[in-house]
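The values are calculated or read from the model by the stated rules, or taken from the named source; none is laboratory data. All of these numbers come straight from a predicted model, not from anything done at the bench. Quick reminder, even Gly has a Cβ in these numbers, built from the backbone with ideal geometry, and neighbours come from all protein chains shown.
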Amino acid sequence: MQIKFVTKGGTNQFHGGLYETNRNSAFEACAYFNCLQGAAKDRINLNEYGFTIGGPVKKNKLFFFESFEFFDLPQSFVETGTWLTPQAASGIFTYNAGGTVRTVNLFTLAAQADPSLAPTIRQFPTAPDPTLAKTYSLINQLTTSSGTLVSRIATNNDYNRQNFTWNPKAVNNRKFQTARIDYNLTEKRTRGRRPPILPCSIP
């Protein structure tokens, strides 16, 4: 398949136009995967607007065309992260043993195992790392302020982590400009539909 695009050109008459289109989430349904994960509807407010203008610089000889389009799209995207539960972050591990759900304190196990280690082996940590503990605390604060927490027990048999789904905001702004100048070497070419001669396009 071949596709050929030709930029519009000016004529002996001035022509132009203004336009704007809008796509807004207020009139859209919740996307399938948003609803599936319990996430909010994505934010979309797409505005596309611009203008076109073309005409003669010198009748029958020199013509111009200019278009400018703006693409403004404030929106949001569904993101999913996997975080430790507050209990797991404190060192308490939950697991399923033959249909029985059990919990164990990993720091207690580490303390019990340390005396049996050789002197040349570094002992196991018996308390949460301060930096990681602060990080987990900040994450838990964020998960309670926005978004949706979903347990992983039913889908992954995972008792120690949760899926957190939220809608971070984003902005996608673009501008598109096209300019064209045509020069006719001879006025004979202006009869009927004038074919462009020596076009110069600046996208």
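Details
- The residues listed here are 46, 36, 84, 73; of these, the one that is closer than 30 Å to residue 166 by Cβ and free of Cβ contacts under 8 Å to residues at least 24 places away in the same chain is 36.
- Filtering the range 136-149 to residues that are closer than 30 Å to residue 97 by Cα and out of contact with any Ser or Thr (no Cβ under 7 Å at 6 or more places or on another chain) leaves 136, 137, 139, 140, 143.
- Meets criteria (surrounded by 14 or more Cβ atoms within 10 Å (Cβ to Cβ) and of a type in the set (S, T, N, Q)) for residue 135: no
- Filtered residue count, the range 1-38, keeping only those that are within 30 Å of residue 53 (Cβ to Cβ) and among the small types (Gly, Ala, Ser): 4
- Residue 152, sole failed condition from (1) within 30 Å of residue 112 (Cα to Cα); (2) among the basic types (Lys, Arg); (3) surrounded by 12 or more Cβ atoms within 10 Å (Cβ to Cβ): (1)
- Residues considered: 152, 122, 180. Of these, the only one that is at pLDDT 85 or above, in contact with a Lys or Arg (Cβ under 8 Å, 6 or more places away or on another chain) and not assigned by TED's automatic domain parsing to the domain that holds residue 68 is 152.
- Residue in the range 16-33 that is nearest to residue 167 (Cα to Cα), counting only those that are in contact with an Asp or Glu (Cβ under 9 Å, 6 or more places away or on another chain) and among the polar types (S, T, N, Q): 25
- Single match in 105, 140 (criterion: on the phi < 0 side of the Ramachandran plot and modelled with pLDDT under 90): 140
- For the range 31-44, the count of residues that are farther than 30 Å from residue 124 by Cβ, touching a strand residue (DSSP E or B) at 6+ places or on another chain (Cβ under 7 Å), assigned by TED's automatic domain parsing to the domain that holds residue 177 and among the hydrophobic types (A, V, I, L, M, F, W, C) is at least one.
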